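Right, one structure below, let's go through it.
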Amino acid sequence: AGKYEGRAENFIPKIRNWLDEQKEKAEVGTIVPEDPPHFWSETAMRVRQTLILLKHTRRMGMIYGGAGVGKTLTARAVQETHNEVFIATLKAIDSNARSTLQRIASEIGITGNNQEHYSRRIFQNICSRLTSNSLLIVDEAQHTDIKAIDAIRAIHDDVGCGLVLIGNNPLHRIVFGDASGQLAQLHSRIAICIQIDRPTDKDITELCHQWKVPPGKAADEIRVIAREPGGLRSASNC
């Protein structure tokens, strides 16, 4: 109608930038390969078996150790193939019971006004959402404190579901470092506790296979990197 008052000069630079970025993205894609999909290494199978056992026996367990050994990726793979598996990944800011419960509530689909209550109400909302067939996986659990860990234990007691704490080595000190006996309730709930500090030789061999790295100097160097802190993740980045 000849009445459009938009100013094209305000948008042309943004459109040009977007087109340039798409070109750059395509160029990077030809240089940087995509990570292979999740694969069932020896350690991944060990983590998987532990998670499935805890889900079906409705017990509480803990998996802890070094970074980059596949704990989180395996938990996500189990979530994709099993119903009622929920993963709550804690952050450094989740350092107390309330923020930890809010994070868990958000991850299992409780949002909005249902989170704007005191800790007891949030706890009740979480317990009402889960069932005895659920498996709640709390990843990066070392970020929170012992009171929050005990609140997580209370979820397990109230619902009767499987529950797993996953984290690095400080998680073990948080849970088992108390010698006063005050955490006896928590300690007695841990049916399975496994430590995984670094990838196994079979894990690294499978990683090389997935990346199509043939035996030789490159594979030997990857094997050295994978045994360092960071594990398979550092090797994949390399």
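The values are calculated or read from the model by the stated rules, or taken from the named source; none is laboratory data. Computed from a predicted structure; not experimentally measured. Using ideal geometry, Cβ is built from the backbone for each residue, glycine included, and neighbour counts are taken over all protein chains shown. These accessible areas exclude ligands, DNA and RNA; they are computed on the full protein's heavy atoms, side chains included. Shrake-Rupley method; radii C 1.70, N 1.55, O 1.52, S 1.80 Å.
Some points to look at:
- Each stretch of four or more DSSP H residues adds -39500 (n - 2.57); spread over every residue of the chain, this sum gives -16000 deg cm²/dmol at 222 nm.
- For the chain, the carbon plus sulfur part of the accessible surface works out to 50%, probe radius 1.4 Å.
- Accessible area in the full protein assembly, largest first, 1.4 Å probe, for Cys161, Cys238: Cys238, Cys161
- The phi-based Karplus calculation (6.51 cos²θ - 1.76 cosθ + 1.60; θ = phi - 60°) puts the 3J(HN,Hα) values of the range 65-72 at x, x, 7, x, 9, x, 4, 5 Hz, whole numbers, x for Gly and Pro.
- Loop-located trypsin sites (Lys or Arg not before Pro) in the range 1-89, at most 16 other Cβ atoms within 10 Å (DSSP): Lys3, Arg7
- Amide hydrogen proximity for Met62: with H placed 1.01 Å from N in the peptide plane, the residues at 5 or more positions away or on another chain lying under 5 Å are Leu165, Ile192, Cys193, Ile194.
- Of Ile126, Ile192, the residue with the largest accessible area leads and the full order is Ile192, Ile126 (1.4 Å probe).
- Dipole magnitude of the chain about its Cα centre (Cβ charges: Lys, Arg +1; Asp, Glu -1), debye to nearest 20: 460 debye
- Remark: relative contact order (the range 8-89) = 26 percent; criterion is Cα-Cα distance under 8 angstrom and separation of 6 or more residues.
- Those aspartates and glutamates that a straight Cα-Cα span of less than 17 Å connects to Lys14, excepting residues fewer than 8 apart in one chain: Glu24
- Ile87 long-range amide H proximity, modeled H, under 5 Å: Ile137
- Inverse mean reciprocal Cα-Cα distance (Kirkwood Rh) of the range 118-238, Å: 17.1 Å
- Extension gain for Ile192 to Lys91 (0.36 nm times residue separation, less C-alpha to C-alpha distance): 33.9 nm.
- Between Leu130 and any residue 5 or more places off or on another chain, the built amide H atoms are never under 5 Å apart.
- Accessible area in square angstrom per residue, the chain, 1.4 angstrom probe: 58 Å²
- Added length on full extension, which subtracts the Cα-Cα distance from 0.36 nm per residue, Glu21 to Arg76: 16.7 nm
- Set of aspartates and glutamates near Lys71 by C-alpha distance (under 13 Å), chain-local residues within fewer than 8 positions excluded: Glu42, Asp139, Glu140, Asp197, Asp203
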